[in-house]
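Visitor: The structure that follows is given in the form of structure tokens.
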Amino acid sequence: MERTDKKFLFGVIGLDHDHIYGMCDGLLEAGAELKAVYDKDAQKTAQFCQKYPGVRPARCEEEILVNKEISLIASAIKPDLRCGLGIRAMNLGKDFFADKPGMLTLSEIEQVRQCHKRTGRKYMVYFSERIHVEGALFAQQLIEAGEIGEVLQVTILAPHRLRKTARPEWFFTKEQGGGIITDIGSHQIEQFLAYTGEEEVSVLHSVVANYANREYPDFEDFGEAVLRTGSGATCFFRVDWFTPDGLGTWGDGRVFIMGSRGSIEIRKYINVGETRDRDNVFLVTADREQKFTVTGKVGFPFFGDLISDCINRTEKAMAQEHVLNAMAIAIRAEHTAQRL
């Protein structure tokens with residue numbers, strides 16, 4: 001785990017999704033210090049302070065935004081509020097780290113792009129299914145080492161557990177949540193960009209559906225899409241809220257990467273019917289087949305790199321255009337999707 005030697009303080013605004021805990025853990029493990037938190041829900045704030053006892057609850061958002069000691073704002077505020085909060089933070093000289101989806105419309109993406117150009121501040125998004133999964137990062141290392149040659153096709157299966165009664169009402173509305181491809185699909189698109197090293201992507205096909213949650217007519221519990229890069233690599237991904245209750249984790253996320261000289265499979269969160277081990281990576285090349293279990297062996301360099309980027313104004317963790325492009329492709333796929 002890369003750590004920074006310089007003092008780096010961050011604040012949290014918005015606790016509407018539990019991803020904020022993963023975001024904070026990653027930053028803290030990389031050496032950042034958590035200064036303050038604000039959420040309008042006092043109970044959520046109390047729970048957050050119980051997990052992070054050194055953090056100070058703020059009286060309002062502005063108290064954190066104007067604090068000159070704080071360099072970065074991390075937020076899992078409701079998705080339709082993320083862009084507005086991020087732009088406020090950037091205009092006040094802060095970098096911003098949002099849960100996904102980072103934006104919900106192409107207009108919001110352009111607003112962020114122009115704010116970034118004007119202020120030089122960063123608007124990062126927590127694409128956790130790659131940057132916070134050691135199996136996904138190890139697969140990327142194998143690709144970059146040339147183990148499977150050129151990436152030709154990526155298939156991603158990303159089922160999630162719905163936990164319907166635990167979700168807030170806004171979660172089931174497209175206007176506030178963005179839709180299933182904008183939300184969960186943005187993870188898969190970002191992985192495809194990272195594994196191919198390409199940014200020019202066309203959406204060939206996209207579909208959404210509400211198969212089993214008709215009491216929420218605006219909700220989408222299924223989505224799929226097909227993408228193609230400028231060089232001809234393709235991606236199929238499926239996202240859904242149909243993880244069976246019998247599975248020992250929230251979703252059996254899998255990635256299949258076909259290269260010109262080999263293949264990789266990632267079983268991210270469980271090896272079904274075998275073990276509860278995470279981060280299982282299977283490599284097949286011309287001369288061998290090999291299984292790796294890499295939990296605790298790769299680390300999460302994104303967070304240390306992000307801190308370093310904020311301090312040094314570099315782009316090692318993730319380029320700003322990569323973030324905006326991943327979200328733009330997801331939004332285009334969502335907006336053009338056929339609804340079954």
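Visitor: Mind checking which lysines have their Cα closer than 25 Å to the Cα of Lys174? Skip sequence neighbours fewer than 8 apart in that chain.
Guide: Lys40, Lys44, Lys78, Lys100, Lys164
Visitor: Which of rounded, prolate, oblate describes region 183-340, given a ≥ b ≥ c as roots of the alpha-carbon gyration tensor eigenvalues and a/c under 1.5 marking rounded, otherwise prolate only if a/b is larger than b/c?
Guide: Rounded is the answer for region 183-340, as its axis ratio a/c remains below 1.5.
Visitor: Note down the accessible area of His335, probe 1.4 Å, to the nearest 10 Å².
Guide: 120
Visitor: Please name which of His17, Ala32, Pro57 has its Cα lying farthest along the dipole of region 1-60 towards the positive end, using unit charges on Cβ (Lys, Arg +1; Asp, Glu -1) and the Cα centre as origin.
Guide: Towards the positive end, the residue furthest out is Pro57.
Visitor: Could I ask something else about it? Need one number: nm distance between label points at Trp250 and Lys316, each 7 Å from Cα along Cα→Cβ, rounded to one decimal.
Guide: Computed distance between label sites Trp250 and Lys316 equals 2.9 nm.
Visitor: Leaving ligands, DNA and RNA out of it, rank Lys100, Lys316 by accessible area with a 1.4 Å probe, largest first.
Guide: From most exposed to least exposed: Lys316, Lys100.
Visitor: Check cross-link reach from Lys297 to the lysines: straight Cα distance under 22 Å, and skip same-chain residues fewer than eight apart.
Guide: Leaving aside lysines fewer than 8 places away in the same chain, those within reach of Lys297 are Lys268, Lys316.
Visitor: Dipole of the chain (Lys/Arg Cβ +1, Asp/Glu Cβ -1, origin at the Cα centre): which of Ala225, Ser75, Gln290 lies farthest to the positive side?
Guide: In the chain, that residue is Ser75.
Visitor: Just need the relative contact order of region 71-206 here, percent rounded to a whole number, with Cα pairs under 8 Å and 6+ apart.
Guide: 25
Visitor: What percent antiparallel are the DSSP beta bridges of the chain, to the nearest 5?
Guide: Once the DSSP bridges in the chain are tallied, antiparallel ones form about 55 percent.
Visitor: Provide the net charge surrounding Ile20, with neighbours chosen by a C-beta distance below 11 Å and charges set as Lys +1, Arg +1, Asp -1, Glu -1.
Guide: Spelling it out: positives minus negatives among the neighbours equals -3.
Visitor: Mind checking the dipole of the chain: about its Cα centre, +1 per Lys or Arg Cβ, -1 per Asp or Glu Cβ, Debye to the nearest 20?
Guide: Here the size comes out at about 620 debye.
Visitor: Compute the acute angle (0 to 90°) between the alpha-carbon long axis of helix 134-144 and the principal axis of greatest extent of the alpha-carbon atoms of the chain; round to the nearest 10°.
Guide: That helix lies at roughly 60 degrees to the long axis.
Visitor: Ok, one more. Where a ≥ b ≥ c are the square roots of the eigenvalues of the C-alpha gyration tensor, would you call region 1-138 rounded, which needs a/c under 1.5, or, failing that, prolate if a/b is larger than b/c, or oblate?
Guide: Judged from the Cα gyration tensor, region 1-138 comes out rounded (a/c under 1.5).
Visitor: Something else about it: How are the C-alpha pair distances of the chain spread across 10 Å bins, as whole percents from the shortest bin up?
Guide: Computed distribution, short to long bins: 6, 25, 35, 26, 8, 1, 0.
Visitor: So which residue, out of Ala42, Ala326, Ala209, gets the largest mean-square fluctuation from a GNM of the chain using Cα contacts under 10 Å as springs?
Guide: Maximum among the listed residues: Ala42.
Visitor: Once you charge only the Cβ atoms, +1 for Lys and Arg and -1 for Asp and Glu, what is the size of the charge dipole of region 55-144 about its Cα centre, to the nearest 20 debye?
Guide: Dipole about the Cα centre, nearest 20: 320 debye.
Visitor: From a point 7 Å beyond the Cα of Leu204 in the direction of its Cβ, which residues of region 311-338 have a backbone N at a distance under 16 Å?
Guide: Hits in region 311-338 for Leu204 at 16 Å: 333.
Visitor: What is the chain's relative contact order, in percent, from Cα pairs under 8 angstrom and six or more apart in sequence?
Guide: Answer for the chain is 19 percent.
Visitor: Moving on. For Thr314, what charge total do you get from the other residues with a beta carbon under 11 Å from its beta carbon, if Lys and Arg give +1 and Asp and Glu give -1?
Guide: 0
Visitor: Tell me which GluC sites (Glu not before Pro) from region 163-261 have a DSSP coil assignment and no more than 12 other beta carbons within 10 Å of their own.
Guide: Here the sparse-neighbourhood loop sites are Glu200, Glu215.
Visitor: Compute the FRET efficiency between Gln141 and Asp25 as 1/(1 + (r/R0)^6), taking r as their Cβ-Cβ distance and R0 = 25 Å, and round to the nearest 0.05.
Guide: For R0 = 25 Å, the calculated efficiency reads 0.65.
Visitor: Same structure, new question: Restricting to DSSP H runs of at least four residues, report the calculated mean residue ellipticity at 222 nm for the chain, -39500 (n - 2.57) per run over all residues, nearest 500 deg cm²/dmol.
Guide: -10500 deg cm²/dmol
Visitor: Related question: Would you tally the net charge around Gly149, using a Cβ to Cβ cut-off of less than 14 Å, leaving Gly149 out, and scoring K and R as +1, D and E as -1?
Guide: Once all neighbours under 14 Å are counted, the net charge is -3.
Visitor: Right, another one. Highest mean first, how do 30-39, 256-265, 110-119 rank when packing is the count of other Cβ atoms within 10 Å averaged over residues?
Guide: 30-39, 256-265, 110-119
Visitor: Still on this model: Which one of Thr243, Thr173, Thr275 has the biggest mean-square fluctuation once the chain is modelled by GNM with Cα springs under 10 Å?
Guide: For the chain, modelled as a Gaussian network with Cα springs under 10 Å, the answer is Thr275.
The values are calculated or read from the model by the stated rules, or taken from the named source; none is laboratory data. Computed from a prediction, not measured in an experiment: that's the story for all the values here. Counting neighbours? That spans all protein chains shown, and the Cβs are built from the backbone with ideal geometry, glycine included. Just so you know, the surface numbers come from the protein's heavy atoms only, side chains and all, with ligands and any DNA or RNA stripped out. Shrake-Rupley method; radii C 1.70, N 1.55, O 1.52, S 1.80 Å.
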